[in-house]
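Participant: Before anything else, here's the structure in question.
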Amino acid sequence: MSKPSELTRSLLQQLGVDPALYTGGNLAVHSPIDGSVIGQLHTQTVAQVQQSIDQAHAAYLAWRDVPAPQRGELVRLLGEELRAEKQALGQLVALEAGKILTEGLGEVQEMIDICDFAVGLSRQLYGLTIASERPGHRMMETWHPLGVVGVITAFNFPVAVWAWNAALALVAGNAVVWKPSEKTPLTALATQALFARALKRFGADRSDGAALAHLNQLVLGDRTLGEVVVDSPKVALVSATGSTRMGREVGPRVAQRFGRVLLELGGNNAVIVTPSADLDLALRGIAFAAAGTAGQRCTTTRRLIVHHSVKQQLLERLKAAYAKLPIGSPLQEGVLVGPLIDKASFEAFEKALASARAEGGQVFGGERVDADKAPGAYYVRPAIVEMPAQSETVRHETFAPILYVLGYDSLEEAIALQNDVPQGLSSAIFTTDLREAERFLSASGSDCGIANVNIGTSGAEIGGAFGGEKETGGGRESGSDAWKAYMRRATNTVNYSRELPLAQGVKFDI
Ligand code: UN1
């Protein structure tokens, strides 16, 4: 097999990325597959980012007057480009983020899906009409674009999260400024090249083609450049995906200038397994959600809350499955668990396991593997940790494959445990008892933004609104009516009578 750097170069070439962008620059980009350098990126300056935001704003001023269904046409073309290069971009995700190939391809599929969704949406974007209390009056609401939307994304979904935001933001009439994780800028460059292809086809015979050239701007560099986006009064909405710590900084800074935020922060997702559960299903659902993507999804299952009557049986089966999990290069056929993103991530994994042990946890798995074959990479066997209680370590999100296991007696207790963490992203119950399932989904059940029955916590489809409560940040992206976050609502009252009656019966005769 060719080396990650060679494979990366040939994929970037195929995707039409200018080699000058990723060679000879100051930021080394590593592949988590073996730790090797796969690109030398040129980072930008603060002044360049400010200029980028200005250019995006100018593009928005032209774009907002393009009819929404025509804006949808650009997103349709983007979907076509993504379909054509799904294999190459998916492979690049595997190389740069370390996802197994099927998940890399799945990520690109998510981009395609949201494009399709946004194209349909571009002919909708509807407001209400509302009954007016005044005779000869009509009330309605109209949705308008916001302006420039800043999109800050994390390494673990290096391209799909941009697409969820950008596809909606663009059909809504906004321009986008995208700050990808500095760990995964190459997939961002590739995505930008595909967007440029779509834009070229779209703008070829349009008089406003030149004005639209800056509809999606890339910001390349470290967090100081992200801060420029966060603080710019020209950025109407900042949609940020990452840690709760990051969100705690971004949220108040944007609020300070009365900008809008959409936050997708940490999760601490639990699966409850009840005595009536189909354990075969539960086993597969938990293994994928807890060990898949090497535990590096915000929707990864981090806690298993299982009824005492089935705990031993389920644990034994889970441990047997974990012992056999194929771990290794994500490009290798049959591998299910790829590497952690970097050394810092491995250290956080080890630290969490050490504190769990100190709190009385019994650890299964959790050892580093292939350290001899790939000393610059961090492969680990996903860990299962039986805990005596929901301790501080369990309540904290460690972005690595650790599944904490807690036992329970009553469903009330299980739901209370599930909710008793600071985060509120995703949750699931495995049960065949209708009463238990409905209770879990009810107002007094799971407090998360996502609550599932008989599937795991991860792998959400784009058709639903995606996001969570509490420290997860409250944002909703992707499907349902999440598009409204990218638009502003105007309430319009129209008087078609010859009188001027005032609301609330107020008299003001002059
Ligand atoms: C993330 O981990 O940042 O539900 C998003 C899922 C994916 C999205 C995860 N569709 O796991």
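The values are calculated or read from the model by the stated rules, or taken from the named source; none is laboratory data. Nothing here was measured: the structure is a model prediction, and the numbers come from that model. Please note: Cβ atoms are built from the backbone with ideal geometry, for glycine as well, and neighbour counts cover all protein chains shown.
Participant: Name the residue that is surrounded by the most Cβ atoms within 10 Å (Cβ to Cβ), counting only residues in the stretch 309-339 that are part of a helix (DSSP H, G or I) and touching a Pro at 6+ places or on another chain (Cβ under 9 Å).
Facilitator: If we take residues in the stretch 309-339 being part of a helix (DSSP H, G or I) and touching a Pro at 6+ places or on another chain (Cβ under 9 Å), then Tyr322 is surrounded by the most Cβ atoms within 10 Å (Cβ to Cβ).
Participant: Quick one: how many residues across the stretch 223-252 are basic (Lys, Arg) and either farther than 20 Å from Ala154 by Cβ or more than 21 Å from the chain's Cα centre (by Cα) (or both)?
Facilitator: So the answer is 1.
Participant: Another question, if that's okay. Report yes if Gly24 is among the small types (Gly, Ala, Ser), outside the structural domain of Ser232 (by the TED database), without any contact (Cβ under 8 Å) to a residue 24 or more places away in the chain and not in a helix (DSSP H, G or I), otherwise no.
Facilitator: Criteria met by Gly24.
Participant: Against the definition (touching a residue at least 40 places away in the same chain (Cβ under 8 Å), farther than 20 Å from His307 by Cα and within 12 Å of the ligand (Cβ to nearest atom)), how does Glu469 come out, yes or no?
Facilitator: The answer is no for Glu469.
Participant: State yes or no: is Thr299 assigned to a loop (DSSP other than H, G, I, E, B), assigned by the TED database to the domain that holds Ile341 and among the β-branched types (Val, Ile, Thr)?
Facilitator: Yes.
Participant: I'd like the full set of residues that are buried (at least 22 other Cβ atoms within 10 Å of the Cβ) and either β-branched (Val, Ile, Thr) or at positive phi (or both), limited to the stretch 54-84.
Facilitator: Val75
Participant: Right, here's the next one. Would you be able to say whether some residue in the stretch 109-121 is buried (at least 16 other Cβ atoms within 10 Å of the Cβ) and assigned to a loop (DSSP other than H, G, I, E, B)?
Facilitator: There is no residue in the stretch 109-121 that is buried (at least 16 other Cβ atoms within 10 Å of the Cβ) and assigned to a loop (DSSP other than H, G, I, E, B).
Participant: On to the next question. Using the structure shown, decide if Gly285 is touching an Asp or Glu at 6+ places or on another chain (Cβ under 7 Å) and within 16 Å of the ligand (Cβ to nearest atom).
Facilitator: In short, no.
Participant: Across the stretch 161-179, what is the total count of residues that are in contact with a Pro (Cβ under 6 Å, 6 or more places away or on another chain) and crowded, with 24+ Cβ neighbours inside 10 Å?
Facilitator: Total satisfying the criteria: 2.
Participant: I need the full set of residues from the stretch 131-157 which are within 16 Å of the ligand (Cβ to nearest atom) and β-branched (Val, Ile, Thr), in order please.
Facilitator: Selection gives Val151, Ile152, Thr153.
Participant: With Ser478, Ser446 as the choices, which residue is surrounded by 23 or more Cβ atoms within 10 Å (Cβ to Cβ) and either modelled with pLDDT under 95 or within 12 Å of the ligand (Cβ to nearest atom) (or both)?
Facilitator: The conditions single out Ser478.
Participant: Take the conditions within 16 Å of the ligand (Cβ to nearest atom), under 19 Å from Pro4 (Cβ atoms) and without any contact (Cβ under 8 Å) to a residue 12 or more places away in the chain and apply them to Thr187. Does it pass?
Facilitator: Here the answer is no, as Thr187 does not meet what is asked.
Participant: Let me ask you something else. Could you pull out the residue among Leu128, Leu101 that is in contact with a strand residue (DSSP E or B) (Cβ under 9 Å, 6 or more places away or on another chain), hydrophobic (A, V, I, L, M, F, W, C) and over 29 Å from Ala58 (Cα atoms)?
Facilitator: Leu128
Participant: Which members of the stretch 367-415 meet the condition of being polar (S, T, N, Q), touching a residue at least 12 places away in the same chain (Cβ under 8 Å) and within 20 Å of Val273 (Cβ to Cβ)?
Facilitator: Within the stretch 367-415, Gln390 is the sole residue that qualifies.
Participant: Would it be correct to say that Arg71 is more than 23 Å from Ser329 (Cα to Cα), touching a Phe, Trp or Tyr at 6+ places or on another chain (Cβ under 9 Å) and either assigned by the TED database to the domain that holds Pro185 or in a loop (DSSP other than H, G, I, E, B) (or both)?
Facilitator: Against the criterion (more than 23 Å from Ser329 (Cα to Cα), touching a Phe, Trp or Tyr at 6+ places or on another chain (Cβ under 9 Å) and either assigned by the TED database to the domain that holds Pro185 or in a loop (DSSP other than H, G, I, E, B) (or both)), Arg71 qualifies.
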